[in-house]
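Trainee: Pasting a structure here, questions to come.
The values are calculated or read from the model by the stated rules, or taken from the named source; none is laboratory data. Owing to the predicted nature of the structure, the values given are computational and were not obtained by experimental measurement. Virtual Cβ from ideal backbone geometry, glycine too; neighbours counted across all protein chains shown.
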């Protein structure tokens, strides 16, 4: 009788082991599928086409977007790896473009403010965006970078990925890579950082509407500042 009990126990143990192995195998498959889906979505986002803003060509001048005669100027001081900047670019900027830039009331001027805590990706992407501006494709590059890169994904700011963004944005990648390799716009990035310091900027995004630094960069706050500036000019 003792032997019989031992035999049943052995079978139960074997069954438990098989179930355990099956669960481990299933977990591995699920993890692999999730990782594959994340990689697929990331690659699809990287390769998604981007276009120039729908405004007259003369309204796009390097990092400036809007009518040269716009009565209100908004300075944007941003870091491409800043989560708050990414949110601003995805939600606030499109509304500003639709309501104010396309109507000729506002001109946006982008300024680089790469933060040291996001280095080296923040500085690499700033350089890349300036190289894109050389081909007057700064804004498509700007939008693509903010779509893909985040502070948690520094790998998105490698030379190879930044070149891939350039290709997606329609840049001549040979010229782009030459510009990046030479670090052609490092002096401009350094000058922008020095200016940010002189202005006493402490955070990104820093939004300045007609010389007024806003404490809140939400759309209602920016809209209120624009409307006040327009009203002050009798518009």
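Trainee: Which numbered condition in (1) under 16 Å from residue 119 (Cα atoms); (2) modelled with pLDDT of 95 or more; (3) surrounded by fewer than 20 Cβ atoms within 10 Å (Cβ to Cβ) is the only one that residue 159 fails?
Mentor: (2)
Trainee: What residue, of 113, 165, 123, 88, is out of contact with any helix residue (DSSP H, G or I) (no Cβ under 7 Å at 6 or more places or on another chain), in contact (Cβ under 8 Å) with a residue 60 or more places away in the chain and more than 14 Å from residue 53 (Cα to Cα)? Steps first, answer last, please.
Mentor: Details: 113 fails: out of contact with any helix residue (DSSP H, G or I) (no Cβ under 7 Å at 6 or more places or on another chain); 165 fails: out of contact with any helix residue (DSSP H, G or I) (no Cβ under 7 Å at 6 or more places or on another chain); 123 fails: out of contact with any helix residue (DSSP H, G or I) (no Cβ under 7 Å at 6 or more places or on another chain).
Within the list 113, 165, 123, 88, the selection yields 88.
Trainee: Among the residues in region 139-151, are any in contact with a strand residue (DSSP E or B) (Cβ under 6 Å, 6 or more places away or on another chain), in the same structural domain as residue 74 (by TED's automatic domain parsing) and closer than 9 Å to residue 80 by Cα?
Mentor: no
Trainee: Another question, then. Taking residue 94 and the conditions (1) surrounded by fewer than 19 Cβ atoms within 10 Å (Cβ to Cβ); (2) modelled with pLDDT under 95; (3) within 14 Å of the chain's Cα centre (by Cα), which numbered condition does it fall short on, given that it satisfies the others?
Mentor: The one condition residue 94 does not meet is (2).
Trainee: Which number in (1) in contact with a strand residue (DSSP E or B) (Cβ under 9 Å, 6 or more places away or on another chain); (2) part of a helix (DSSP H, G or I) marks the one condition that residue 194 misses?
Mentor: All conditions are met except number (1).
Trainee: Just to check your reading of the model, which residue among 68, 114 is within 14 Å of the chain's Cα centre (by Cα), at pLDDT 95 or above and not in a helix (DSSP H, G or I)? Quick ask: steps written out before the conclusion?
Mentor: Numbers: 68 fails: within 14 Å of the chain's Cα centre (by Cα).
On inspection, the qualifying residue turns out to be 114.
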